[in-house]
Amino acid sequence: MQRKNTLIGGLFLLAAILPLSALADAQEFKLANGMRVIVKEDHRAPVVVSQVWYRVGSMDEVNGKTGVAHALEHMMFKGTKAVPAGEFSKQIAVAGGRENAFTNRDHTAYFEQLQKSKLELALRLESDRMHNLVLLPKEFAKEIKVVMEERRLRTEDKPQALVYETLMATAYQTHPYHHPVIGWMNDLENMTADDARDWYRQWYAPNNATLVVVGDVESKDVLKLAERYFGKIKPVALPPRKPQSEPEQRGIKRVTVKAPAKLPYLAMSYHAPALRDPDKDWEPYALAVLAGVLDGNASARLNQELVRRQQIANSVSAGYDLIARGPSMFMFDGAPAEGKNVVELEAAIRGQIEKLKQDGVTEEELQRVKAQVIAAQVYQRDSMFYQAMLIGEVVTAGLSLNTLETRLAKLKAVTAAQVQEVARKYLVDDRLTVAVLDPQPLDNAQPVKPAAGGRHGN
Amino acid sequence: MGTNMQLTAKAQRREEKHFLPETLRLCASAVKFFGFAGLLLAATAANAALPIQHWQMENGARVYFVENHDLPLLDVSVEFPAGESRDDKSRPGVASMTQHLLTHGAGGMAEDEITRRLADIGAILGGSLDQDRAGLTLRTLSTERGKALEIMTSALQSPDFPEAVLQREKTRSIADLKEAMTQPAAIAGRAFNTLLYGTHPYGLSSTLEPDSIAALRREDVVDFYRAHYRADHAVVALIGDVTVAQAKEIAMQLTSGLSRAGKAPQPLPAVDMPKGEVRRIVHPAMQSHILVGQPGITRDDPDYFPLYVGNYVLGGGGFASRLMEEVRQKRGLVYSVYSYFLPMQQRGPFQIGLQTKREQADEALAVVQKTVREFVAKGPTADELKKAKQNMVGGFPLRIDSNGKILGYLSMIGFYQLPLTYLDDFSGKVEQVTAAQVRDAFSRRIQPDNMVTVVVGAD
């Protein structure tokens, strides 16, 4: 499946309501060099997932070098002295495994899924490339072209992704969340192997990494392997991380994006806090429940009211991500129904917000959101990979493993009054940015040469 | 894989609800081979036997069940030969609309009541639809299964198809379709499907137009439902925290109220081989979207294993494949390039896909053509074949490591009436494949000089 849009309607929604308590029995260790190791035994199937999370993502980049975190992620498959370019993937494949990696604003992570007896291979390869990467300019020159193709595929030719990118760049004036994870095209065009190498040297070290293993393994065996392969890698002094906090917004911001499309599209974001102190904070939990009331289940308000009843929206969603190294946002997006426009859709969404501020939420709605939380806690255990994702995300954000447990209890404890209070406090115009897609016609999208026969190209 | 864009758009909406990282080295569409349900052929490891219990009910429904009490969870699917290929030529879109509306009002419950009842217990009732199959899928806590199954039963047996809901969903589908028809990936998929299947029922989904959706009447949907959602064609798959006795009751509950009256749907006709053709479609996108292929294999195809193993080497094995090596690794021309066979009731597509900056579309396509031609002529090397087998056999445990994945196998085995030992036998069949068999099968089945090619974003 191709995703139309990554974050809007995506990431933040699940994160808003997913509980994490099934992970309470995960065990945490720390190697002498500062690397964290977290193991969650799951003996349902003879397989294992290994993930190495680095606490470095696009938010750590500087102007002119946006996208370098992600470009380096690509280069991590381009060889060490012991394991030449491309060999990493091939060795995992021969072992029957799957591997990949992903970069986000807050982190970069690498993973392997294997039958359980092959865990050692994954750890050996991951530890090797943590400190032995060879970054050849020749390989970089090819790979940066791949990354530019990726940007074209994911962003340049995806109208809703362009809207999201523009929304972020408008809502965040100084905070690095201003920049897209994949980087601006011009920065990619001018990126060098040295840029990637600098990045690697600065950030790729055991004291900036967490190994998460979930599967049919024994914790003590995993720890032993982790010590053998990662224990010998020397820690480095990590660069200072500047806060770059976003100044207070002084009024609503609006922006328009023109792109070839048919349906108009609307995205709205309100600045909101992320979770910092899992025990003392309450607002992020209330915001997560608020997102659940609006769009967290089949019966949630936005779909019921705007799509099914009022028929103002063709689709609509809301969400909030409470786990983030930087600030968070409460977001809405949607496409107006036939015959309606983005102005009417925005008014309808604002109408729902006003209703929340005036009347709050019902006890029944609150219970329904909590029912999703409880069910999701069981459902997530059907996927080892997802369990590892939850662990990696929370600890890389700088929160303790206990947060997974605390969060569930806190979500269950959120009251209707708290939900109403955060709606009143955060869903206000001075925190709002609105981005709209102004669809442009493709009047020339017809076959030019319906020529039959033969092949094309050479 | 259907190119019904109405449905595609909906599937995307569902997809977006998953936890997806922002940007990764290889996107889901590129690695679809690995996780592609239609191709999830598994091999047998020593501990891999999946104890499938199977029975046929008096009403004709076939049931496939795996008992598993590890989690307090129950997954159920009920499917029918009611996929997009079952559309009436004069009523394209009716199969997908029927499936979509099942849960939007049933047994006297309005859609808001259905969604509320599901939400109250945290159950997820979803739909499935492709060219061959259509149905519903349920995930619920086993403690809440009574309430959840009651709703699923109503949706399957007594959908109300309310007129007002139909009108609203038609409007939404038309908007989704119009939007999809502006996007290069969807335009390419639709054109490719048309060239591959022409007037065969597998080509029907590509004939869907806004006007045909607008023309759908409630009676079309009701007629389609009555003709296709029949007990004697139902396939029920279950896995989870219930006993076999309970599974029998559940299967009974889900199917006993389904009709068996009237004429059963006829088998699909065989697929004719289309003439090779290149279709270039103008689009302002920065990248060209390129699809190349031809009708491939059936679910019971005698060449199944040689083609499946061989395709891993050609373009199915991600970074272990030749297409990825030639097009991306050596030349940096694409982010994603793949090939797959999608086995269906009749010949499903053999498809190669890639996207590249429009200025280099010809170059990339030439590399693909050369790679395919060489592979078809010479087959895999001994080393490539060995590594392909190692991946498939060694990776078997990953294919059945969750209830969700196992449910997919149960419904596939059931629908296509594959042997119950399908998973157990797989490894042996992969191991037996020889390089000569791969070469022979590819040379007979794939004609590199007679393939269908679509380029969207051509100048």
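Quick note: the coordinates plus some simple rules give every number you see, no bench work behind them. Predicted model only: the values in this text are computed from it and were never measured. Note that each Cβ is placed from the backbone with ideal geometry, even for glycine, and that neighbours are counted across all protein chains shown.
FRET efficiency for the pair B:Glu113 and B:Arg217, taken as 1/(1 + (r/R0)^6) with r the Cβ-Cβ distance and R0 = 22 Å, rounds to 0.30. Taking only the C-alpha atoms of chain B, Rg followed by Dmax gives 22.1, 63 Å. Spin-label model, B:Thr421/B:Ala245: points 7 Å from Cα along the beta carbon direction are separated by 3.1 nm.
Computed from the Kirkwood radius of its Cα pairs, the Stokes-Einstein diffusion coefficient for the protein assembly as shown at 37 °C and 0.692 mPa s stands at 117 µm²/s. Considering only B:Gln437, B:Val222, B:Thr381, and ranking their Cα positions along the charge dipole of chain B that arises from unit charges at the beta-carbon of Lys, Arg, Asp and Glu, the one farthest toward the positive end is B:Thr381. Going by neighbour counts of Cβ atoms within 10 Å, the residues A:Trp53, A:Trp203, A:Trp282 line up, fewest first, as A:Trp282, A:Trp203, A:Trp53. Model label sites at B:Gln56 and A:Asn190, defined 7 Å from Cα along the beta-carbon direction, differ in position by 7.1 nm. Here is the size of region B:372-426 from its Cα atoms: Rg then Dmax, 15.2, 41 Å.
Once the piece of chain linking A:His43 and A:Gln244 is laid out straight, how much longer is it, given 0.36 nm per residue of separation minus the C-alpha distance between them?
Result for the pair: 68.0 nm of gain on full extension.
Please list B:94-100, B:105-111 highest first by mean number of surrounding beta-carbon atoms within 10 Å per residue.
Listed from highest to lowest mean packing, they are B:94-100, B:105-111.
What the Cβ-Cβ distance of A:Ser117 and A:Asp279 gives, at R0 = 35 Å and to the nearest 0.05, is a FRET efficiency of 0.30. As a proxy for reagent exposure, B:Leu333, B:Leu314 were ordered by neighbouring Cβ count within 10 angstrom, fewest first; the result is B:Leu333, B:Leu314.
Once each part is reduced to its C-alpha centroid, what is the distance from region A:279-328 to region B:206-226 in angstrom? The distance from the Cα centre of region A:279-328 to that of region B:206-226 comes to 34 Å.
Remark: chain A projects, on average over all directions, an area of 24.5 nm² (convex hull of Cα atoms).
Exactly which trypsin sites (Lys or Arg not before Pro) in region A:277-308 are in a DSSP loop and have at most 14 other Cβ atoms within 10 Å?
Loop-located and lightly packed - A:Lys280.
Once divided by 2.2 N^0.38 Å, the Cα radius of gyration of region B:178-295 becomes 1.52. Within the set B:Lys275/B:Lys378; A:Lys232/B:Lys389; A:Lys280/A:Lys355, which residue pairs have Cα atoms separated by over 26 Å? Check vs 26 Å cut-off fails for A:Lys232/B:Lys389; A:Lys280/A:Lys355. Panel note: the C-alpha atoms of region B:54-160, placed on their principal axes, show extents of 47, 35, 24 Å (largest first).
The C-alpha atoms of region B:277-456 occupy a region whose extents along the principal axes are 49, 33, 29 Å, arranged from largest to smallest.
Say the dipole of region A:139-200 comes from +1 at the beta carbon of Lys and Arg and -1 at that of Asp and Glu; which of A:Met168, A:Thr192, A:Val147 then lies farthest toward its positive end? Positive-end residue among those listed: A:Met168. Using the Cβ-Cβ distance between A:Thr362 and A:Lys412 with R0 = 22 Å, the FRET efficiency computed as 1/(1 + (r/R0)^6) comes to roughly 0.85.
Measure up A:Lys340/B:Lys89; B:Lys89/B:Lys178; A:Lys40/A:Lys220; A:Lys40/A:Lys242 against 22 Å on the Cα-Cα distance and list the ones that go over. Among A:Lys340/B:Lys89; B:Lys89/B:Lys178; A:Lys40/A:Lys220; A:Lys40/A:Lys242, the Cα-Cα distance tops 22 Å for A:Lys340/B:Lys89; A:Lys40/A:Lys242. The modelled label-to-label distance for the pair B:Thr143/A:Gln304, using points 7 Å beyond Cα in the direction of Cβ, is 2.4 nm.
Here region A:265-304 is scanned for amide nitrogen atoms under 16 Å from the site 7 Å beyond the Cα of A:Thr170 along Cα-to-Cβ, giving A:265-271. For region A:12-171, a Kirkwood radius taken over Cα pairs fed into Stokes-Einstein (37 °C, viscosity 0.692 mPa s) yields D = 182 µm²/s.
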